[in-house]
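Structure incoming, see below.
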Amino acid sequence: MRTTTVRRRLLATTALLPVLVLAACGSDPKTTAQPGAGKAAADAAAQDLISAIPKSDAAAALLPEDVRKAGTVKFGSTIGAPPASFYADQATKKAAGVDIDFTDAVAKVLGLTVEREEAAFETILPALGSGKYDVGTGNFGVTAARLKTIDFVTYIDDGQGFAVKKDNTTVQPVTDLVQLCGLVIGTGAGTTFETTLNNKKNVCADAGKKPYEVKAFSDNGATLTGLQQGRIDIVMSTINGLRYQASQEASGTKFLGEFHRLDVGFAFKKGSTLTPAFQAAVNQLIKDGTYDKIVKKWGVADSAIKESQISPPEHA
C-alpha cells in the first residue's frame, strides 16, 4: 500500500475522533473533552433550565450546618462527551451535559455554589475518602463493590451496552457474554465494564469456546480508533453514550442494545452527611417537573427515575 494512501486513511480516522469519543463510567478528561460534540449537543447545551430553579428551604435544612454556612460544595467531575458531560465551548471550558445539569440544578435547590474541578475518572472515588472532594460525578454506576466504600444519591438509570462498526452484520445483540467468545472487546480502564468482563472470563472455557480478549484503555479515543481500524471487534460502554454516538452519522458505529442496567448517582464517601439533602433536592426536581425537562433535553428520557434513592443495591 502506498504511503500517501496510508496517510490519508489515518487522517480520515483521526477526523472521526471528536464524534466517536464517549462519556462514561471511565473516561480521561484530557483526551475526551472534544470540540466536535455535534449540533444536537450544542443546541441542547444552549438551553438554560437551571437559572430559574428556586431554592428549597426544606431541602437546604438537611445540609450540615458547616456546609450551609460555607455555601459551597466541592465536586470532582470527569468531563467526557455527550450526553453525560462535555465542553460545550472549548474556549471558555464551559461544561454541559446530563451530569452537569443535575449537579447545577441540585445546587440551586440547596442554595449552594458548585466548585467543580475536572479530574480523571479513576481518581475521583479515592479522592472522596481523602476529603479532596465532597461529591463526585462521572456517570458513576452503583455497584455492590463500590457500595462497600462509597455512598450514592441516584439521579438517572444508565448502564452497560455494546456497539460495533455500522457495517458489522455478524455480531448480534449481546444478551449473554458467551456470545463474545473469540472476540476482542474494547472498554474503559477502571470501569464497571472492565470489571464485568474480567470477572466473567470463565464463561467461554465453561462453554468449550475460545476466550474473549479484553483491551482496556484509559483513553476512550484509542478504544474507538481500535474499533474503526479493526483491532477490536466490539466496544462495551454506557447505554446512553453508545446510543448518542450511534445517532451521529459520522461515527460509523451501531448500538447493539442494552446489557445490564445500573443506577447512576452522585458519589460520596461512605457515611457522608450530605446524602439526605442531595436526595431531597433530586426528588424536588422530580416533583416540580425540572427533572423531566433535563432528561428530555439530553435525549435520555428512557433513563429517567421516579424517585432518588440513597445507596440502593445494584440492579439484579
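Kindly indicate whether Leu147 is outside any loop (DSSP other than H, G, I, E, B), more than 22 Å from Ile305 (Cα to Cα) and touching a residue at least 40 places away in the same chain (Cβ under 8 Å).
Working: outside any loop (DSSP other than H, G, I, E, B): yes; more than 22 Å from Ile305 (Cα to Cα): no; touching a residue at least 40 places away in the same chain (Cβ under 8 Å): yes.
Answer is no for this residue.
Using the structure shown, decide if Ala163 is at pLDDT below 95, under 23 Å from the mean Cα position of the chain (by Cα) and of a type in the set (A, V, I, L, M, F, W, C). Spell out the reasoning first.
On the way: at pLDDT below 95: no; under 23 Å from the mean Cα position of the chain (by Cα): yes; of a type in the set (A, V, I, L, M, F, W, C): yes.
When the stated conditions are applied, Ala163 does not pass them.
On to the next question. Enumerate the pairs (first residue in segment 40-58 and assigned by TED's automatic domain parsing to the domain that holds Lys293; second residue anywhere and β-branched (Val, Ile, Thr)) with beta-carbon separation below 7 Å, excluding pairs fewer than 6 apart on the same chain, so at least 6 apart or on different chains.
Leu49/Thr290; Leu49/Ile294; Ile53/Val109; Ile53/Thr290; Lys55/Val109; Ser56/Val109
Follow-up. I need every pair where a residue in segment 234-249 that is over 15 Å from Trp298 (Cβ atoms) has its Cβ under 9 Å from the Cβ of a residue that is modelled with pLDDT under 90 and hydrophobic (A, V, I, L, M, F, W, C), sequence separation at least 6 or different chains.
Pairs found: Val235/Leu22; Val235/Leu224; Ser237/Leu22; Ser237/Ala23; Ser237/Ala24; Ser237/Cys25; Glu249/Val19.
Examine segment 73-80 for a residue that is more than 22 Å from Gln248 (Cα to Cα) and surrounded by fewer than 19 Cβ atoms within 10 Å (Cβ to Cβ), and state whether such a residue exists.
yes
Out of Val67, Val73, report the one residue that is over 17 Å from the mean Cα position of the chain (by Cα), among the aliphatic types (A, V, I, L, M) and under 21 Å from Gly138 (Cβ atoms). Don't jump to the end; show me each part of the working.
Numbers: Val67 fails: under 21 Å from Gly138 (Cβ atoms).
Residue meeting the stated conditions: Val73.
OK, next. Any residue in segment 122-134 that is outside the structural domain of Arg243 (by TED's automatic domain parsing) and in a strand (DSSP E or B)?
Step one: filter segment 122-134 for residues outside the structural domain of Arg243 (by TED's automatic domain parsing), giving 122-134.
Those still in the list that are in a strand (DSSP E or B) too: none.
No, segment 122-134 has no match at all.
Would you call Leu262 out of contact with any Lys or Arg (no Cβ under 6 Å at 6 or more places or on another chain) and closer than 16 Å to Leu62 by Cα?
Details: out of contact with any Lys or Arg (no Cβ under 6 Å at 6 or more places or on another chain): yes; closer than 16 Å to Leu62 by Cα: no.
Spelling it out, it is not the case that Leu262 is out of contact with any Lys or Arg (no Cβ under 6 Å at 6 or more places or on another chain) and closer than 16 Å to Leu62 by Cα.
Scanning for something touching a strand residue (DSSP E or B) at 6+ places or on another chain (Cβ under 8 Å) and within 14 Å of Met236 (Cβ to Cβ), does segment 142-152 turn up at least one residue?
So far as segment 142-152 goes, no, none of its residues is touching a strand residue (DSSP E or B) at 6+ places or on another chain (Cβ under 8 Å) and within 14 Å of Met236 (Cβ to Cβ).
Go through (1) part of a helix (DSSP H, G or I); (2) in contact with a strand residue (DSSP E or B) (Cβ under 6 Å, 6 or more places away or on another chain) one by one and return the number of the condition Tyr244 breaks.
Answer for Tyr244: the failing condition is (2).
The values are calculated or read from the model by the stated rules, or taken from the named source; none is laboratory data. Computed from a prediction, not measured in an experiment: that's the story for all the values here. Please note: Cβ atoms are built from the backbone with ideal geometry, for glycine as well, and neighbour counts cover all protein chains shown.
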